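Undergrad: Can you keep this structure in mind? I'll have questions shortly.
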Amino acid sequence: MGHSTAEDLLEKFKEYTKELNLRNMLSLSMDGPAVNWKFVNLLQKEHAEQFAGTQIQIVGSCGLHTLHNAFKGGFELWMVEKVLKALHFLFHCAPARREDFTSATATSTFPLPFCGHRWLENVPSVERALEVWPSIVKYVDLVKSKKVKIPGTSSFDSICEAQMDPLLLAKFHFFMAISQAFQPFLAKYDALPLGGLGKFDPGNHSQQQQQQ
C-alpha cells in the first residue's frame, strides 16, 4: 500500500469490482492499517448514494476475527480451551513424562497444541484429544495410584478436574462439529494468496515450539 490514501483504495476497489453487482454486497472484511476505516466510510457513503440509502454491514475490521471470537465466546463457559491446552502442555517439552505416558499406555500419540486466537481452526486439536482421551484417563489413574510419577503441574490438575465432567466428551464432539461446519467458509475466505493470515498448522506449531 505504501502511501496510498483511502481515496486511492476506493478507486482501486471500484476498478476491480466494476463487473460485479455491488447492490448484493453485504459486508466488507479487511485486515490492515487504520486508513482502511476511512475507505469504509467513503464506500458506505457512495454505496448509499447509488442504492437508495442501503448500507453494508460492518462487523469489525476483519469478519474472520469476529467469527473466531464469537465462537470463542460461545464456548468459554465450558472451559474447552483450558482442557485442550492442558492436554498439550502436560507433555510438551517433557521427555520423561512422555516416556512414562508411552510406557503406561503403549501409545506414542500425544495431544496437539490449541490455537487461542483462531478458535475455529482447532479441529485437529480436539480430534486428537478425543483419540487419546482413553489413554489420558488410564495415565491419570496410574498417577493417582502412584504407579507413575506425579507430574505436579497445573496442567495435570486441570485434566484431573476435567475427568470429573461426565459431559466432557460430548462437549468436545459439539466443539468439533461446529468448527467443521465453518471450515468451508474459512477455506474460501482465509486461505487466499494475498491478505490471508495463513492456516494454523498444529503439527508445525508444535515442531517450532520444540526448536525454540
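The values are calculated or read from the model by the stated rules, or taken from the named source; none is laboratory data. Just so you know, these numbers come straight off a predicted model, no measurement behind them. No Cβ is skipped: glycine too gets one built from the backbone with ideal geometry, and neighbour counts run over all protein chains shown.
Undergrad: Output the residues belonging to the stretch 1-54 that are among the polar types (S, T, N, Q), under 24 Å from Leu67 (Cα atoms), at pLDDT below 85 and outside any helix (DSSP H, G or I).
TA: To start, the set of residues in the stretch 1-54 that are among the polar types (S, T, N, Q) comprises 4-5, 17, 21, 24, 27, 29, 36, 41, 44, 50, 54.
Still in the running and under 24 Å from Leu67 (Cα atoms): 24, 27, 29, 36, 41, 44, 54.
Filter once more, so that each one left must be at pLDDT below 85: 27, 29, 36.
Of everything in the stretch 1-54, those that are among the polar types (S, T, N, Q), under 24 Å from Leu67 (Cα atoms), at pLDDT below 85 and outside any helix (DSSP H, G or I) turn out to be Ser27, Ser29.
Undergrad: Which one of these is assigned to a loop (DSSP other than H, G, I, E, B) and in the same structural domain as Lys188 (by TED's automatic domain parsing): Phe101, Phe89, Phe75, Phe114? So that I can check it myself, show each step before the final result.
TA: Working: Phe101 fails: assigned to a loop (DSSP other than H, G, I, E, B); Phe89 fails: assigned to a loop (DSSP other than H, G, I, E, B); Phe75 fails: assigned to a loop (DSSP other than H, G, I, E, B).
After ruling out the rest, the residue left standing is Phe114.
Undergrad: Between a residue in the stretch 146-159 that is under 13 Å from Ala96 (Cβ atoms) and any residue that is hydroxyl-bearing (Ser, Thr, Tyr), which pairs come within a Cβ distance under 9 Å, given they are 6 or more apart or on different chains?
TA: Val148/Ser103; Val148/Tyr139
Undergrad: OK, next. Could you list, in sequence order, all residues of the stretch 107-121 that are free of Cβ contacts under 8 Å to residues at least 24 places away in the same chain and closer than 21 Å to Ile150 by Cβ? Let's see the steps before the verdict.
TA: To start, the set of residues in the stretch 107-121 that are free of Cβ contacts under 8 Å to residues at least 24 places away in the same chain comprises 108, 110.
Within the stretch 107-121, Phe110 is the sole residue that qualifies.
Undergrad: Going by what's in this entry, would Leu64 be described as part of a helix (DSSP H, G or I) and without any contact (Cβ under 8 Å) to a residue 60 or more places away in the chain? First the steps, then the outcome.
TA: Details: part of a helix (DSSP H, G or I): yes; without any contact (Cβ under 8 Å) to a residue 60 or more places away in the chain: no.
Considered against the rule, which asks whether it is part of a helix (DSSP H, G or I) and without any contact (Cβ under 8 Å) to a residue 60 or more places away in the chain, Leu64 comes out as no.
Undergrad: Could you list, in sequence order, all residues of the stretch 126-172 that are of a type in the set (S, T, N, Q), surrounded by 14 or more Cβ atoms within 10 Å (Cβ to Cβ) and either assigned to a helix (DSSP H, G or I) or touching a Gly at 6+ places or on another chain (Cβ under 7 Å) (or both)? Explain how you work it out, then say what you get.
TA: Start the filter on the stretch 126-172 by keeping residues that are of a type in the set (S, T, N, Q), which leaves 135, 145, 153-155, 158, 163.
Okay, now just the ones that are also surrounded by 14 or more Cβ atoms within 10 Å (Cβ to Cβ), so 135, 153, 155, 158, 163.
Hits for the stretch 126-172 are Ser135, Ser155, Ser158, Gln163.
Undergrad: Name the residues in the stretch 87-118 that are surrounded by 17 or more Cβ atoms within 10 Å (Cβ to Cβ) and in contact with an Asp or Glu (Cβ under 8 Å, 6 or more places away or on another chain), would you?
TA: Those that are surrounded by 17 or more Cβ atoms within 10 Å (Cβ to Cβ) and in contact with an Asp or Glu (Cβ under 8 Å, 6 or more places away or on another chain): Phe114, Cys115.
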